[in-house]
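Report on one structure; see the data block that follows.
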Amino acid sequence: MTNTYDERAKKDLVQIGINIAALRKAKQYSQEVLAEKVGLSTVDISLIESVNVDNNCSMEVIYSIASALDVAPEELFKGTSAF
């Protein structure tokens, strides 16, 4: 039997990564620029934006990314089960 919570959580993590990538590109930031603003490596940003759901991030990182992109944290959660 498949755990629907796990499936939903994985889909949400993928959507958050997609949202971050879209917002970053809208700001015309490279992954390197966003990484510098947030204090992460470009590898970290790449993993967060990727569909590899084994790599998620803390709420602290979510807030830092939202701040660096000059958006409310809720913007990163659009299209997820939270909204």
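Under a model in which nothing but the beta-carbon of Lys, Arg (+1) and Asp, Glu (-1) is charged, the range 4-77 shows a dipole of about 200 debye around its Cα centre.
To the nearest ten degrees, helix 4-26 and the longest principal axis of the Cα atoms of the chain are 20 degrees apart. Within a Cβ distance under 13 Å of Ser46, other residues only, what is the Lys/Arg minus Asp/Glu net charge? Local net charge: -2. Rounded to the nearest 500, what is the chain's calculated 222 nm mean residue ellipticity when only DSSP H runs of at least 4 contribute -39500 (n - 2.57) each, over all residues? It comes out at -18500 deg cm²/dmol, rounded to the nearest 500. Hey, of (i) 19, 56, 21, 4, 0; (ii) 18, 44, 25, 11, 2, 0; (iii) 17, 38, 27, 15, 3, which did the structure itself give for P(r) over Cα pairs in 10 Å bins from 0, in percent when calculated? For P(r) over Cα pairs in 10 Å bins from 0, in percent, the calculated option is (i). Spin-label model, Asn56/Lys25: points 7 Å from Cα along the beta carbon direction are separated by 2.5 nm. Within the shell of other residues whose beta carbon sits under 9 angstrom from the beta carbon of Leu69, the net charge comes to +1, with Lys and Arg scored +1 and Asp and Glu -1.
Each reported figure results from applying straightforward, stated rules to the coordinates on display, with no laboratory input. Nothing here was measured: the structure is a model prediction, and the numbers come from that model. Positions of Cβ are backbone-derived with ideal geometry, glycine not excepted, and every protein chain shown enters the neighbour counts.
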